[in-house]
1. Across region 81-91, which residue is farthest from the chain's Cα centre (by Cα) among those that are touching a residue at least 24 places away in the same chain (Cβ under 8 Å) and in a helix (DSSP H, G or I)?
2. Select the helices (runs of 4 or more DSSP H) contained entirely in region 186-250, then report the ones holding at least 3 residues which are of a type in the set (Asp, Glu).
3. Among the numbered criteria (1) under 17 Å from the mean Cα position of the chain (by Cα); (2) surrounded by fewer than 18 Cβ atoms within 10 Å (Cβ to Cβ); (3) on the phi < 0 side of the Ramachandran plot, which single criterion is violated by residue 145?
4. Filter region 160-171 down to the residues that are crowded, with 20+ Cβ neighbours inside 10 Å and part of a helix (DSSP H, G or I) and list them by number.
5. With 150, 134, 179 as the choices, which residue is outside the structural domain of residue 218 (by TED's automatic domain parsing), within 19 Å of the chain's Cα centre (by Cα), over 17 Å from residue 92 (Cβ atoms) and at pLDDT 95 or above?
6. Can you tell me how many residues within region 124-157 are more than 23 Å from residue 75 (Cβ to Cβ) and touching a Leu at 6+ places or on another chain (Cβ under 7 Å)?
7. Please go through region 117-131 and give me each residue that is out of contact with any Cys (no Cβ under 8 Å at 6 or more places or on another chain), in a helix (DSSP H, G or I) and touching a residue at least 40 places away in the same chain (Cβ under 8 Å), ordered by number.
8. Being among the hydroxyl-bearing types (Ser, Thr, Tyr) and crowded, with 16+ Cβ neighbours inside 10 Å is true for just one of 153, 139. Which residue is that?
Amino acid sequence: RRGQSAGGDVGDGAALKQQLGQSGQQPESPQPAPFTQSAPVSGYQATRKAIGGAGGGGGGGGGGRLSEAAAEEVKAVCAQLVASDWRERQEGIERLSQMARQRPDLFGNFVVKLIDAFAPRLQDSNSKVQQQALDAAQSLVPQLANAGRLGASAGALVGQAALALASKSTEISCSAGLLVDALIRRGEPERLAQPLVQAVASASPRCRAELVEKLADLCERLRRPKPAQLHVEPELFRLLSGLTTAQGGGGGSAPLRLAVFRLARVLHGLVGPELMERARLAQSASGVGVGGGGGVGGVGSIGGRGWIGLLDEALRNSAPGPARGFS
């Protein structure tokens with residue numbers, strides 16, 4: 001039996017060799033799938049993982065749709081804020097306020113774009129829209145501050161609110177003043193110094209004294225003298241020179257004089273005796289303007305000791321002036 005079995009195996013092997021020799025083919029054997037077949041699957045899975053995982057691909061796609069929808073919502077609000085119809089602008093302000101209250105994450109992600117569209121409404125030609133915007137902005141300030149987002153938008157808001165102080169409407173002017181106070185109280189003083197100085201430099205005589213008072217309030221909150229030296233000092237020198245001329249834009253008024261004197265004392269307390277030294281240098285630079293302060297003419301053109309004498313008087317004066325510090 002062993003012989004028959006062995007013979008049979010040998011015969012089968014010979015037959016197989018004969019078949020292979022005739023066909024010229026090699027016997028088939030199980031082979032692993034080529035790498036090129038699995039590569040597309042791996043790439044697809046990697047892509048799915050990048051947008052939310054293979055198991056959560058639907059969620060990833062939903063997130064993309066949500067972002068697109070959020071961007072469209074923000075775009076719609078911005079369009080309403082700049083619409084020609086004042087009712088549309090009112091609705092845009094209301095939608096902006098609702099977004100800040102109900103969807104703070106969305107509002108925070110697009111805060112710069114939203115505030116850029118919103119800030120001009122503080123100077124809107126329609127008094128109803130302007131008042132609504134001022135009221136809404138007062139509510140936005142603490143929300144922005146608590147979220148750490150106020151620094152990116154305070155400059156735009158304070159500039160527009162400062163202009164609104166000149167309004168003939170008592171209600172609008174009062175609301176604008178409260179908004180500036182809120183921005184000074186909750187904002188970063190170092191970032192507000194330059195826009196507030198620019199507002200003072202271009203202010204109407206109607207509200208210049210009040211703005212100088214608010215600039216003094218801001219300087220009391222500065223933690224470093226550098227912003228005061230860079231932005232506020234040049235404007236102080238211009239204000240002092242304006243007090244000595246008939247073309248001072250209302251510079252001779254008693255409220256403005258008191259406000260400028262207070263600002264000088266606050267700055268002197270912040271930067272020290274160097275204030276008077278730099279003032280003398282600026283005065284002696286005849287015909288040479290001092291940079292900053294919104295581009296008002298240089299103080300060097302004022303001859304003699306006119307405004308230097310006023311600065312010396314302000315620093316010697318122990319009267320506190322109409323100070324309004326913050327608690």
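The values are calculated or read from the model by the stated rules, or taken from the named source; none is laboratory data. Keep in mind that this is a model prediction, so the values were computed, not measured. Because the Cβ atoms are built from the backbone with ideal geometry, glycine has one as well, and the counts that use them run over all protein chains shown.
1. As a first pass, look at region 81-91 and keep what is touching a residue at least 24 places away in the same chain (Cβ under 8 Å): 81-82, 86, 89-90.
Of the ones still in play, those that are also in a helix (DSSP H, G or I) are 81, 86, 89-90.
Working: 81: 18, 86: 26, 89: 22, 90: 23 Å.
Going through the qualifying residues, I end up with 86.
2. It comes to 208-220.
3. (2)
4. 160, 161, 162, 164
5. 179
6. 7
7. Scanning region 117-131 gives 119, 120, 121, 122, 123, 127, 128, 129, 130, 131.
8. Exactly one residue qualifies, and that residue is 153.
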